[in-house]
Amino acid sequence: MTICYRHLILALFGVFAFIVAAPARADDISATGRGVVRVVTIAIVDDEVVGFGHGSGVAIAPNRIITNAHVVELLARFPGNVVVGIVPSEGSKSYQGRVIAVDAAHDLALIEITGVRLPTVALYTGPIDEGSMVTALGYPGNVDLATAKSAADYIHPLAPIRSEGVFSGRRQMSGTDVLLHTAQIARGNSGGPLLDPCGRVIGINSAITRGEEGDSSFAFAIANSEVAAFLNKAKQPYVGVGTPCTSIADIEKIDQAAEAEAAALSDATRREAASKAVLAREAALTAARAASDRHRENIMGLAVLILVLGAMAVGAGGLLDAQALRREAIIAWVLGGLTMLGAIVLFVLRPSGEPILPQAVAAASQPPAPPVSSTAPLGKMVCSFVAARSRVISSSTQDVTIDWGKAGCMNGRTQYAENGSKWDRILVPSEEQTVSVLQFDPAARSYVTSRYFLSAEQMDGLRKIRATVKLKACSPDEAGRANLATQQAAIRMALPARPNEKIVYSCTPAP
């Protein structure tokens with residue numbers, strides 16, 4: 001049947017009636033599925049379709065898609081007469097693509113698109129254990145044949161089909177390093193990603209073995225090492241992650257253990273400090289008592305000495321009176337009486353009771369006060385990646401430099417809101433399909449980025465909530481910060497129970 005070229009192009013790249021894609025599940029595989037696309041190629045000569053093909057692909061950058069070279073092989077057969085269509089997994093449109101790099105020997109191709117920014121995926125660059133679980137995403141043709149009602153169904157955005165299996169080992173096929181696995185794929189899966197449990201790309205599905213006489217079928221994917229080499233040769237930047245795949249649940253257990261250990265250490269430190277303070281106070285009191293006793297004894301001895309001198313003066317007065325020296329006797333009696341009276345007063349007023357510690361000594365011997373939340377600035381800090389407490393899917397793990405200002409002002413421009421003893425800021429971008437929850441703990445000197453990879457529908461709902469957030473720049477207004485915390489709590493309530501990615505940094509003062 002002949003199809004009009006103009007009608008086909010209109011159908012392929014026009015704006016269709018809005019079709020809501022199935023919401024992605026809050027798991028890593030579905031998160032990667034947001035960046036998986038259907039690749040459609042149509043060869044048209046003299047307004048007549050002479051070739052049609054379709055496969056899968058995955059966004060390695062917002063405007064770049066990697067797929068198999070054989071998915072776009074019509075370009076070599078009909079140069080200048082092939083239209084490449086890209087159908088995202090979400091939204092309501094299809095887009096025209098342009099092949100910018102092909103490596104037929106390793107069966108890889110790179111396609112560039114315009115008009116849309118796709119959620120990107122990360123390439124896993126670490127070792128893969130045999131027997132580990134793998135997942136294939138793509139658009140198998142046998143499913144299309146069973147469900148498609150017309151040719152237009154091939155250009156409607158739909159979520160990719162997933163199938164699971166195990167990694168069986170590395171092999172060489174026609175000089176190309178490939179991954180052998182048992183995830184079920186079919187024609188149409190070609191060019192789609194093979195994923196590890198964290199949703200990171202470990203290969204590009206390319207071929208299957210044929211099961212004959214009851215033999216099991218296996219699938220081949222172009223290995224991650226070949227994909228990395230191809231992208232490097234094409235000068236295409238990509239996110240490479242080499243950290244092992246761990247679950248958020250495992251990370252939370254590690255965090256809880258670390259927090260419990262830190263709390264126990266803090267309690268032990270406070271108890272030790274309090275014990276040292278008590279001992280220091282007792283030692284200071286003992287020393288003060290000894291000094292006070294010596295002082296009191298000295299005063300008592302002085303009083304006795306003065307009393308003896310007074311008595312001697314009185315006795316001298318009696319001798320003078322016996323010698324008829326009346327005037328001199330009276331003077332001796334007066335001096336002796338006053339001296340004895342002074343001795344009695346000095347003895348009565350001698351120090352007694354518990355000694356009083358000097359203020360500096362008393363303050364130093366007091367137990368330390370428990371830590372309290374502070375709005376004081378900490379200045380510039382360098383925050384280093386903590387691998388043991390992190391789960392990395394697609395983000396960089398380079399050191400982060402922050403400038404923590406007064407009352408939760410980050411880098412002099414972004415206001416954080418109080419969350420107990422910590423400070424939070426939730427970012428809901430206008431273009432990306434990722435929500436980031438940023439948290440800084442001044443007491444622990446830790447900075448945590450939690451990222452949620454969400455569907456377009458989920459992002460639209462969160463952007464409506466974000467529109468109510470009015471406080472953007474740093475502000476000393478406590479009421480404004482409290483309102484920001486309330487608005488962020490509404491965003492947090494709409495997020496999945498756990499993030500897809502969590503990156504923990506430990507911060508120290510910048511040199």
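The values are calculated or read from the model by the stated rules, or taken from the named source; none is laboratory data. It should be emphasised that the depicted structure is a prediction, and the values quoted were computed from it without experimental measurement. Note that each Cβ is placed from the backbone with ideal geometry, even for glycine, and that neighbours are counted across all protein chains shown. What goes into the accessible areas is simple: the full protein's heavy atoms, side chains included, and nothing from ligands, DNA or RNA. Shrake-Rupley method; radii C 1.70, N 1.55, O 1.52, S 1.80 Å.
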Query - Placed amide H near Arg187: partners under 5 Å, 5+ positions off or other chain - result: Gly141, Asn142
Query - 20 Å Cα-Cα reach of Lys93 towards lysines, excluding residues that sit fewer than 8 places from it in its own chain - result: Lys149
Query raised in the report: Given 0.36 nm per residue, what is the gain on full extension from Ala288 to Gln323 after removing their alpha carbon distance, in nm?
Result: 7.3 nm
Report task. Step through the residues of segment 193-199 one at a time and calculate ³J(HN,Hα) from phi using the Karplus curve (6.51 cos²θ - 1.76 cosθ + 1.60, θ = phi - 60°), rounding each to whole Hz and writing x for Gly and Pro. Result -> x, 9, 10, 8, x, 8, x
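Evaluate the relative contact order of the chain (contact order divided by residue number), counting alpha-carbon pairs under 8 angstrom at least 6 apart; express in whole percent. Could the numbers behind the result be given before it?
Numbers: 1045 pairs, mean separation 61.6, N = 511.
Result for the chain is 12 percent.
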**Report entry** trypsin sites (Lys or Arg not before Pro) restricted to DSSP loop in segment 470-511 with at most 15 other C-beta within 10 Å
**Finding:** Lys470, Lys472
Query - Residues of type lysines that Lys380 reaches as a straight line, Cα spacing below 24 Å, ignoring anything fewer than 8 places off in the same chain - result: Lys406, Lys422, Lys472, Lys502
Requested in this report: Enter the angle in degrees (range 0 to 90, nearest 10) between the Cα long axis of helix 248-322 and the first principal axis of the Cα atoms of the chain, meaning the one along which they spread out most.
Outcome: 10
Query raised in the report: Relative to the first principal axis of the alpha-carbon coordinates of the chain, what is the inclination of helix 326-348, with its axis defined by its Cα atoms, in degrees from 0 to 90 and to the nearest 10?
Result: 30
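Compute the Rg/Rh shape ratio of the chain: radius of gyration over Kirkwood radius, all on alpha-carbon atoms. Please report the intermediate quantities before stating the final value.
On the way: Rg = 41.1 Å, Rh = 29.1 Å.
The Rg/Rh ratio comes out at 1.41.
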Requested in this report: Taking H placed 1.01 Å from N in the peptide plane, check which residues at least 5 places from Asp477 or on another chain put their amide H under 5 Å from its amide H.
Outcome: none
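Can you tell me, using C-alpha contacts under 8 Å and at least 6 residues apart, the relative contact order of segment 449-510 as a whole percent?
On the way: 35 pairs, mean separation 36.3, N = 62.
Result for segment 449-510 is 58 percent.
Efficiency by 1/(1 + (r/R0)^6): what FRET value for Gln256 and Leu341, r their Cβ-Cβ distance, R0 = 60 Å, to the nearest 0.05?
Numbers: r = 76 Å, r/R0 = 1.27.
Efficiency computed from Cβ-Cβ geometry: 0.20.
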Query raised in the report: Roughly how tilted is helix 478-493, in degrees to the nearest 10 and between 0 and 90, from the longest Cα axis of the chain?
Result: 40
Query raised in the report: Hey, what do the phi angles of segment 80-95 turn into as Karplus ³J(HN,Hα) couplings, whole Hz, using 6.51/-1.76/1.60 and θ = phi - 60°, x for Gly and Pro?
Result: x, 10, 10, 9, 9, x, 10, 10, x, 7, 9, x, 9, 10, 10, 9
Query raised in the report: So which aspartates and glutamates pass the test for Lys233, namely a Cα distance under 19 Å, with those fewer than 8 places away in the same chain ruled out?
Result: Asp103, Asp107, Glu112, Asp177
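Ignoring any ligand, DNA or RNA, what whole percent of the accessible area of the chain comes from carbon and sulfur when the probe is 1.4 angstrom?
On the way: 15460 of 26450 Å².
In the chain, the share of accessible area belonging to carbon and sulfur is 58 percent.
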Report task. Kindly state, to the nearest 0.05, the FRET efficiency for Leu305 paired with Ala268, given R0 = 51 Å and r defined as their beta-carbon distance. Result -> 0.40
Requested in this report: Output the antiparallel fraction of DSSP beta bridges having both residues in the chain, as a percent to the nearest 5.
Outcome: 95
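Calculate, for Val143 and Val278, the FRET efficiency according to 1/(1 + (r/R0)^6) with r their C-beta to C-beta distance and R0 56 Å; round to the nearest 0.05. Kindly include the intermediate steps, with their values, before the conclusion.
Numbers: r = 75 Å, r/R0 = 1.34.
About 0.15, to the nearest 0.05.
Is it possible to state the helix-based mean residue ellipticity at 222 nm for the chain, with each DSSP H run of 4+ residues giving -39500 (n - 2.57), the sum divided by total residues, to the nearest 500 deg cm²/dmol? What is it? Working shown, then result.
Details: 10 runs with 167 residues, N = 511.
Result for the chain, helices only: -11000 deg cm²/dmol.
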Report task. Please list the non-local residues whose amide H lies under 5 Å from the amide H of Leu108, H modeled 1.01 Å from N, same-chain partners needing a gap of 5 or more. Result -> Ala69, Asp103
